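Student: Have a look at this one before I ask anything.
The values are calculated or read from the model by the stated rules, or taken from the named source; none is laboratory data. Keep in mind the model is a prediction, meaning the values are calculated, not measured. Here the Cβ positions follow ideal geometry from the backbone for every residue, glycine too, while neighbour counts run over all protein chains shown.
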Amino acid sequence: MPINQQDIESIATQTQKKGWDEAIFQYSLNQIKKNERIPEDLRIADWIYFLPESSLENVLVIGAGLGTTPLALASICQHVTCIDSNESQIDILKRRAQSYSHLRTFLSDNWAQINNQSYSLIAVQDLSLAFQLTHSQTLHDLNNQLHQLLSLNGSLQLFLRNKYSIQYLMDRSDHIKQTRFYSLNQYRKMFKKSGFSQVSTYAPIPHFDSIPLFYLPVDYHRALKYFFKVIFPLFEMVSPEVTKQYGLQYQVAKLGANGAMFFHLYPLVKYFLSGYLFIATKHAR
Amino acid sequence: MLDSLNQKLLKDWDSYFPGIHKPRQIHYMGLPGSLQGETTSFMGFINPMIRPLFIVKVHRHQDAQVQVDNEEKILNHLHHSPNLIQKSIPRLILCEKFNHKWFVVQSIVPGSPLKIESNSQGHPHLEITKKHFELMIAWLKSYHDLTKNLSPWNEQKFIDIWTQKIDLLQKNYSFENKECQVLQNLINKLPNLAKNMQQWSFRHGDFCRQNILFDEHTHEMTIVDWTFAQDYSLPFHDLFFFLTTYFLQSMGSYGIESFTKAFKFTFFDSNPYSQLVHDTISDFFTAIQIDTMNLNDFFFLFLIEQTLFEYKQTLRSPHNGTLPRFNIFLASLKDIFEYEEVLKENIWIYFIKELIELNINTEHLSHR
């Protein structure tokens, strides 16, 4: 979930003056007062546990965010390189990562230095930055470019919006309309075409681009059915604070889930989720 | 990393899952859960089962050794106990580190979390609540019998620990003179309380209805999420925690006033529900052979223990990237904006203040 530049600079300044803990507290307080979401906490990086062991050696993270994902990867990987065009975000990460000597940060003008190495994992946290760095015009171009940077059996990780999601259809933000998005099957075809032999797909619920409550394995129907039949109804047992936070999305999802279960259409639900987490693994061409 | 776990499980499948045909693949659904829990979970599915076979709990932080040890200790101990308890807990399948992270694999247990039913006034439905309480008490009594000797009792240790805890509470939170006096009186009573209590327990640590699963077909109860299990605890901690939280989240409104209102409704107002609560407490204290004459003071100790626990958890939370949203929410309600003060915000300190006020006005829990 993008954070506006003013907030990023404020967090960076506060981190410099008072430390990360206080900086994120002030930002979170302001978000809660405005009844808005907090964009990052550790749960946003829980997908790291889906990664194959072979991908944990040498990692490139494109897009620092507030540092959560690079730090989560640094806790399990041997070498992490993070690149971003935003100086404030790099500054925040540097201050948070002081105890991680194996985490290096670069501004995007150092891309030439970065892209002459190969990586066991490329984690794309900022899609528009990835396009910019690789001078890609299309997602297919981007996949091809990043594929070349991966070592054998390396993996590419991406969060991608689903063009058939209800949220996408309801969202009228200009920046969303300007970017081309695809369906689940279209994404998969693209990865295959770019030479990725294995593509694991998960759906972060409720939103693909914010803190998830679940990661659904979209290709395993038994898990989807179990989720809609057993777990989804339990959402009403969570605290009023959580239901308030996810109010509208939950009502829309509830309608869809009940319909899907009633008509035994739950295998089709995966085509209408907000977006996906892809972990695509390379094979030798 | 789950692939490393898969390799281990599939290699010795029969020893981990006897009687279950070894699959070719294991599929996972992620359940990040709440941030304060410090763990993220994954349900493991195999063909042709329609339900998950096991759950993997991953501790996000590398310093989870004590928590993992406690959970392993208590689950292994209970697994060798009589049937009632053995069947009511998850089976510990594997406890191992992969890439510096602790993975705790447990069996899936049947049932859904205890669901509260309300009457037309928004209060707990008495008959259904009574059944829940009966189930819970029966379990807690058996659990207590099985675990009371895991933490050897020592009166002086109890007095020392509790003097430190009450001092720590006063150091971290501000109290008025009258309130300090009540707390000082509590310290003075510790030797008598020790003589009455004479036992520790190994608490579950998060014994709320969301972690109590009830199977409607077998009418059996199972207790999950042993992440915060801890020795040298008050033997009534889990009981009081259950009773305090039972009604809390089902209130329509959400704020400090509604929580303290629910707290008073549960323990101090005159109504059939609070009578049921008191009968349940008496029943349990009788079973564990602790005299109820010190009930008020024991309740105090529980609230202090819980307040300090929540505070300690909040201090750890910047590791998770942010403070718990609930802390920030509580602080914003009271216009508290200083970071150090926000860290201290939790609902339990408000309950302590309520109890102190009630004590000052001589409305003791044990006088009900």
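Student: Kindly state which strands (runs of 3 or more DSSP E) lie completely within region A:102-195 and contain at least 1 residues that are on the phi > 0 side of the Ramachandran plot, modelled with pLDDT of 95 or more and crowded, with 19+ Cβ neighbours inside 10 Å.
Tutor: Numbers: elements: A:103-107, A:119-124, A:150-161.
Output list is empty.
Student: Here is a list of conditions, (1) touching a Pro at 6+ places or on another chain (Cβ under 8 Å); (2) over 24 Å from residue A:144 (Cβ atoms); (3) surrounded by 20 or more Cβ atoms within 10 Å (Cβ to Cβ), and residue A:202 meets all of them except one; can you say which number that is?
Tutor: (2)
Student: Quick check on this structure: which one of A:234, A:216 is facing chain B (nearest Cβ under 10 Å), out of contact with any Phe, Trp or Tyr (no Cβ under 7 Å at 6 or more places or on another chain) and not polar (S, T, N, Q)?
Tutor: A:234
Student: Inspect all residues belonging to region B:275-293 and state whether any of them is touching a strand residue (DSSP E or B) at 6+ places or on another chain (Cβ under 8 Å), buried (at least 17 other Cβ atoms within 10 Å of the Cβ) and hydroxyl-bearing (Ser, Thr, Tyr).
Tutor: Among the residues of region B:275-293, not one is touching a strand residue (DSSP E or B) at 6+ places or on another chain (Cβ under 8 Å), buried (at least 17 other Cβ atoms within 10 Å of the Cβ) and hydroxyl-bearing (Ser, Thr, Tyr), which makes the answer no.
Student: Out of curiosity, is residue A:85 more than 15 Å from the chain's Cα centre (by Cα), more than 14 Å from every other protein chain (Cβ to nearest Cβ) and closer than 22 Å to residue A:210 by Cβ?
Tutor: Yes, satisfied.
Student: Among the residues of region A:41-57, is there at least one that is more than 10 Å from chain B (Cβ to nearest Cβ) and either part of a helix (DSSP H, G or I) or in contact (Cβ under 8 Å) with a residue 40 or more places away in the chain (or both)?
Tutor: yes
Student: Quick test for you: out of B:142, B:88, pick the one residue that is touching a residue at least 12 places away in the same chain (Cβ under 8 Å) and assigned to a helix (DSSP H, G or I). Steps first, answer last, please.
Tutor: Details: B:88 fails: assigned to a helix (DSSP H, G or I).
Unique residue meeting the criteria: B:142.
Student: May I ask you to say which residue of B:6, B:76, B:83, B:99 is surrounded by fewer than 20 Cβ atoms within 10 Å (Cβ to Cβ), modelled with pLDDT of 95 or more and not hydrophobic (A, V, I, L, M, F, W, C)?
Tutor: Among B:6, B:76, B:83, B:99, only B:6 is surrounded by fewer than 20 Cβ atoms within 10 Å (Cβ to Cβ), modelled with pLDDT of 95 or more and not hydrophobic (A, V, I, L, M, F, W, C).
Student: Ok, one more. Just name the residue that is surrounded by the most Cβ atoms within 10 Å (Cβ to Cβ) out of those in region A:58-78 that are in contact with an Asp or Glu (Cβ under 7 Å, 6 or more places away or on another chain) and not in a loop (DSSP other than H, G, I, E, B).
Tutor: A:62
Student: Looking at residue B:29 and the list (1) exposed (fewer than 14 other Cβ atoms within 10 Å of the Cβ); (2) touching a residue at least 12 places away in the same chain (Cβ under 8 Å); (3) within 14 Å of chain A (Cβ to nearest Cβ); (4) over 22 Å from the mean Cα position of the chain (by Cα), which single condition is not satisfied?
Tutor: Against the list (1) exposed (fewer than 14 other Cβ atoms within 10 Å of the Cβ); (2) touching a residue at least 12 places away in the same chain (Cβ under 8 Å); (3) within 14 Å of chain A (Cβ to nearest Cβ); (4) over 22 Å from the mean Cα position of the chain (by Cα), residue B:29 comes up short only on (1).
Student: If we scan region A:79-86, do we find a residue that is among the polar types (S, T, N, Q), assigned to a loop (DSSP other than H, G, I, E, B) and modelled with pLDDT of 95 or more?
Tutor: yes
Student: Okay, moving on. Give the residues of region B:46-103 that are away from chain A (no Cβ under 12 Å), touching a helix residue (DSSP H, G or I) at 6+ places or on another chain (Cβ under 6 Å) and among the aliphatic types (A, V, I, L, M), sorted by residue number.
Tutor: Result: B:78, B:84, B:85, B:89, B:92, B:93.
Student: Continuing with this model, one more query. Name the single residue that is nearest to the other protein chains (Cβ to nearest Cβ) among those in region A:8-40 being assigned to a loop (DSSP other than H, G, I, E, B) and farther than 16 Å from residue B:332 by Cβ.
Tutor: Per the criteria, the residue is A:40.
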